[in-house]
Amino acid sequence: MCPDPSAVSNTETEDRVKAGKPTTRRQQPKLIEEPSGDLARANYWVKVGLLQSQVKALTRLGKRWTNSKSPCTQAARLLISLGLLNEADTEAKLRVLANYMESEGFQTLGQYCAGPMRAKELLRK
């Protein structure tokens, strides 16, 4: 059974600080939330976790394509819409990508994207 964190006494914490072992807390990563919806239709909200490099790339595209206050989200919506409008092409590309990922041993799309996205960011600098 895990001890209750609130059960740790102040004297125990003070003893650690006095002993030269300052307590440190890990900072939470900055959460980016950009709502973007369609005023004319009912919205279904989807929460997606992206790599930092993906957020940068989407934001860059969004700033070029729109004058939205939420460039990353707007670019994501546009890319999703384009992918759905060209469903046959998108499905064919996804099939090729899935086969490649399987043959190379990538377990997730994020794992596959991490290297190429990092390389693109380095080329931009």
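The values are calculated or read from the model by the stated rules, or taken from the named source; none is laboratory data. Bear in mind the structure is a predicted one, so any value in this text is a computation, not a measurement. Cβ sites come from the backbone with ideal geometry, for glycine too, and all protein chains shown count toward neighbours.
Of note, Leu61 satisfies the criterion of being within 25 Å of Asn43 (Cα to Cα) and surrounded by 12 or more Cβ atoms within 10 Å (Cβ to Cβ).
Is it true that some residue in the stretch 20-36 is out of contact with any strand residue (DSSP E or B) (no Cβ under 6 Å at 6 or more places or on another chain), surrounded by 10 or more Cβ atoms within 10 Å (Cβ to Cβ) and at pLDDT 70 or above?
For the stretch 20-36, residues out of contact with any strand residue (DSSP E or B) (no Cβ under 6 Å at 6 or more places or on another chain), surrounded by 10 or more Cβ atoms within 10 Å (Cβ to Cβ) and at pLDDT 70 or above: present.
Test Glu104 against the criterion of being of a type in the set (Asp, Glu), surrounded by fewer than 15 Cβ atoms within 10 Å (Cβ to Cβ) and under 22 Å from Gln52 (Cα atoms), and give yes or no. For Glu104, the condition - of a type in the set (Asp, Glu), surrounded by fewer than 15 Cβ atoms within 10 Å (Cβ to Cβ) and under 22 Å from Gln52 (Cα atoms) - is not met.
Scan the stretch 84-99 and tell me whether some residue there is surrounded by 10 or more Cβ atoms within 10 Å (Cβ to Cβ) and either touching a residue at least 40 places away in the same chain (Cβ under 8 Å) or on the phi > 0 side of the Ramachandran plot (or both). There is no residue in the stretch 84-99 that is surrounded by 10 or more Cβ atoms within 10 Å (Cβ to Cβ) and either touching a residue at least 40 places away in the same chain (Cβ under 8 Å) or on the phi > 0 side of the Ramachandran plot (or both).
If the condition is being within 14 Å of Met117 (Cβ to Cβ), part of a helix (DSSP H, G or I) and of a type outside the set (D, E, K, R), then the stretch 49-63 contributes Gln52, Ser53, Gln54, Val55, Ala57, Leu58, Thr59, Leu61. Scan the stretch 109-122 and tell me whether some residue there is more than 17 Å from Gln52 (Cα to Cα) and more than 15 Å from the chain's Cα centre (by Cα). No, because not a single residue in the stretch 109-122 is more than 17 Å from Gln52 (Cα to Cα) and more than 15 Å from the chain's Cα centre (by Cα). Checking every residue in the stretch 64-79 against the condition of being exposed (fewer than 10 other Cβ atoms within 10 Å of the Cβ), more than 16 Å from Met117 (Cα to Cα) and among the small types (Gly, Ala, Ser) gives zero matches.
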